[in-house]
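*Asks:* Below are the structure tokens for one structure; questions will follow.
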Amino acid sequence: MKTFAYERPTTLADAIALLDIHGPDARLLAGGTDLIIRLRDGSAQPKVVIDVKRIAELSPAIREQDGIVTIGATAVVADIAASALVKHHFEALAEAAAVVGSVQIRNRATIGGNICNASPAADTAPSLMVYGAVIVATGSKGTRRIPIDDFFVRSGVTTLARGELVTAVELPIPTCRTVAVHMRRTRRRGHDLASVTLCCAMDETGTTRLAYGSVGPRPVLVADGTGVLAAGNAPAEAKAAIFERMFADASPSKRSMRAGPEYRQAMLRVLGSRAVQALMERMAAERPTEA
Ligand SMILES: Cc1cc2nc3c(=O)[nH]c(=O)nc-3n(C[C@H](O)[C@H](O)[C@H](O)COP(=O)(O)OP(=O)(O)OC[C@H]3O[C@@H](n4cnc5c(N)ncnc54)[C@H](O)[C@@H]3O)c2cc1C
């Protein structure tokens, strides 16, 4: 590992000043579960590492105000998985957080690091996308809010500008009854990155939102407003045709060591069907009984 200077600012202003001074020579460090590996293998060689965990404005708090749940950038996925607020309003995000890596990884890995690392396999990305999350980013030019679908570019690349850092993720609480589920396929049970990751949400109007990852350079968000996927009596061919349209942007790599493209394409459809089935059952089970 190459040597580097280590900075641990406690305010956002100090962190931004450090980013401005050091430019491309600086890298932010949160839980370190992605970055430390890159420092060790030499694929990242910053001159300065800026630890963000003590910055007050990036606090790991998860709180609700005015119909928005805000998750601080340094919240670890173990706490997101256990949060009553998240489980109540965003069950699929809690499910996704609960399957990241291992207990040790989940206790270190932050939500900010998970999305800023921009791995196509990032488990929190699909659920954040179906819930319409907004990324709060701050730099020397001020704060901006980026819809998550405009955040990912390709593996390791986001639309964050140089000198900006993520302070929080905002999630609008759904205004109508919505159920959602996170699913993923791994080579083996337990500790592994996803070969396919998928989140599906269905609301009481019949709209289905689906986001999938690990099958292309970035996660993809699609929606279907026809109501066909949510209709119990719709023919299987009609549902299959909608899935074909929804999965049109999947482009799994031929070079991945995890799974071949044909397998990933097939599993996408299997997970999509399972997710829709699970959500129809959840919706029916939770439907208020008529007087
Ligand atoms: C053994 C192992 C298993 C794993 N399993 C999974 C898995 O199942 N699912 C999954 O999704 N991931 C998995 N990961 C990847 C990793 O744990 C996650 O991506 C994690 O959420 C990264 O968060 P972190 O806080 O550790 O990020 P760090 O490693 O600290 O940072 C990651 C990147 O994000 C940048 N960054 C961090 N915080 C900010 C911020 N606030 N603003 C701007 N940039 C920032 C850093 O500069 C760096 O480039 C695994 C990793 C390991 C080592």
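Derivation of every value follows stated rules applied to the coordinates shown; laboratory data play no part. This one's a predicted model, so the numbers in the text were calculated from it and none came from an experiment. Reconstructed Cβ throughout: ideal geometry from the backbone, glycine too, with neighbour counts over all protein chains shown.
*Asks:* In region 8-52, which residues have a backbone nitrogen under 14 Å from the label point lying 7 Å from S140's Cα in the Cα-to-Cβ direction?
*Replies:* 13-26
*Asks:* Normalising by the residue count of the chain, find the relative contact order in percent from Cα pairs under 8 Å and 6+ residues apart. Working shown, then result.
*Replies:* On the way: 602 pairs, mean separation 42.1, N = 291.
Computed value for the chain: 14 percent relative contact order.
*Asks:* May I ask what percent, to the nearest 5, of DSSP beta bridges between residues of the chain are antiparallel?
*Replies:* The antiparallel proportion sits near 85 percent.
*Asks:* I want to verify the translational diffusion coefficient of the chain in µm²/s; compute it with Stokes-Einstein, Rh as the Kirkwood radius over Cα pairs, at 10 °C and 1.306 mPa s.
*Replies:* 80 µm²/s
*Asks:* Could you work out the Kirkwood radius for region 1-114, taking every pair of different alpha carbons, averaging 1/r and inverting it, reported in Å?
*Replies:* The answer is 15.1 Å.
*Asks:* With θ set to phi - 60°, apply the Karplus curve 6.51 cos²θ - 1.76 cosθ + 1.60 along region 130-141 and write out the HN-Hα couplings as whole Hz, x wherever there is a Gly or Pro.
*Replies:* 5, 8, x, 5, 10, 8, 9, 10, 10, x, 5, 8
*Asks:* Please list, in order along region 99-113, the HN-Hα scalar couplings obtained from phi with the Karplus expression 6.51 cos²θ - 1.76 cosθ + 1.60 (θ = phi - 60°), rounded to whole Hz, x for Gly and Pro.
*Replies:* Values per residue, Gly and Pro as x: 10, 5, x, 10, 4, 4, 5, 5, 6, 10, 5, 9, 5, x, x Hz.
*Asks:* Rounded to two decimal places and with Rh computed the Kirkwood way over Cα pairs, what is Rg over Rh for region 178-286?
*Replies:* Details: Rg = 13.8 Å, Rh = 14.2 Å.
Taking Rh as the inverse mean 1/r over Cα pairs, Rg/Rh reads 0.98.
*Asks:* In degrees between 0 and 90, to the nearest 10, how far off the longest principal axis of the chain does helix 12-22 point, with axes built from Cα atoms?
*Replies:* 70 degrees
*Asks:* What relative contact order, as a whole-number percentage, does region 61-172 give when Cα pairs under 8 Å and 6 or more residues apart are counted? Before the final figure, lay out the partial values.
*Replies:* Details: 203 pairs, mean separation 31.9, N = 112.
Relative contact order here is 28 percent.
*Asks:* Return, for the Cα atoms of region 5-50, the radius of gyration and Dmax in Å, separated by a comma.
*Replies:* Reported Rg and Dmax, both Å: 10.6, 31.
*Asks:* What is the Cα centroid distance between region 194-238 and region 112-132, reported in whole angstrom?
*Replies:* 17 Å
*Asks:* Pairs of alpha-carbon atoms within less than 8 angstrom and 6+ residues apart define the contacts here; what relative contact order does region 178-286 have, in percent?
*Replies:* Answer for region 178-286 is 27 percent.
*Asks:* Just the Kirkwood number for region 58-98, please: inverse of mean 1/r across all distinct Cα pairs, in Å, one decimal.
*Replies:* Values: mean 1/r = 0.0997 Å⁻¹.
Result for region 58-98 stands at 10.0 Å.
*Asks:* Which number do you get for Rg(Cα) / (2.2 N^0.38 Å) in region 61-172?
*Replies:* Output field value: 0.98.
*Asks:* Beyond a 28 Å Cα-Cα separation, which of these cross-linked pairs lie in this structure: K87/K254; K53/K141; K2/K53?
*Replies:* Details: K87/K254 36 Å; K53/K141 22 Å; K2/K53 22 Å.
With Cα atoms farther than 28 Å apart: K87/K254.
*Asks:* Using the number of other C-beta atoms within 10 angstrom as an exposure proxy, rank R218, R274 with the fewest first.
*Replies:* Numbers: R218 19, R274 14.
In increasing order of surrounding Cβ atoms, one gets R274, R218.
*Asks:* For helix 236-246, report the angle its Cα long axis makes with the longest principal axis of the Cα atoms of the chain; keep it between 0 and 90° and round to the nearest 10°.
*Replies:* The two axes meet at around 20 degrees.
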